Amino acid sequence: MTDDALVAALMEIERHVSHGGWDQPARLFALVPTAELVAAEPSLAEQVARVDDLPDGALSSIEQDGFRTGADLVDDLDRITWPATVHGCALAVERLFVPPHLEADIPDDPEAAASFVAEHPERRDVRVVVGVTRAGTRYGVARLRSNPEDLLAADDLVPGLGDALARTLSA
């Protein structure tokens, strides 16, 4: 698998999730090599570009429809393990944040902090899609609700989320 394969898969997931608009729950995806998926499920070949035309290591995402998160997303991820056939995973999640100049004003109490951020007039909505592979590759893309035409990206966009996803692959 190449880094390009992970980046392409995350961009496709972000596009897919964005079709549902904003205010969505967290969505979890398994990442599997497309060639292996088509070999295991030939009926999917019609839904995938010609396998011969795919770049080496191309990944397909498979949404985990049963994934539901409670109060603590990291705890929920810590209960997940993947079979060896899953080469990576990704999570799309929306969060609110405030600009850095307001971070010192955020209360220490988690409930008060959530209220502060949710009610602040300078809050921003962001959707992040973070993915990791068993080989240790990480990447993330993000889109601000206030600036939907721009897609932000980085190798370790949300380090804590990347760590939690990586643990699901190491069990």
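Annotations
- In the chain, the longest principal axis of the Cα atoms and the axis of helix 3-18 are about 60 degrees apart.
- Distance from region 104-171 to region 1-41 (C-alpha centre basis), Å: 17 Å
- Relative to the longest principal axis of the Cα atoms of the chain, the long axis of helix 110-119 lies at roughly 90 degrees.
- Degrees between helix 159-170 axis and first principal axis of the chain (Cα, 0 to 90, nearest 10): 40 degrees
- Kirkwood-type hydrodynamic radius, region 87-171: 14.1 Å, calculated from all non-identical alpha-carbon pairs.
- Full-extension gain in nm, L102 to E41, via 0.36 nm per residue minus C-alpha separation: 16.9 nm
- Taking the DSSP bridge list for region 3-170 and keeping only pairs wholly inside it, about 100 percent are antiparallel.
- By the helix-only formula, in which each DSSP H run with n ≥ 4 contributes -39500 (n - 2.57) and the sum is divided by residues, the chain has a 222 nm mean residue ellipticity of -9000 deg cm²/dmol.
Since every read-out is calculated from the coordinates, none of them should be taken as a lab result. Since the model is a prediction, treat every value here as computed from it, not as a measurement.
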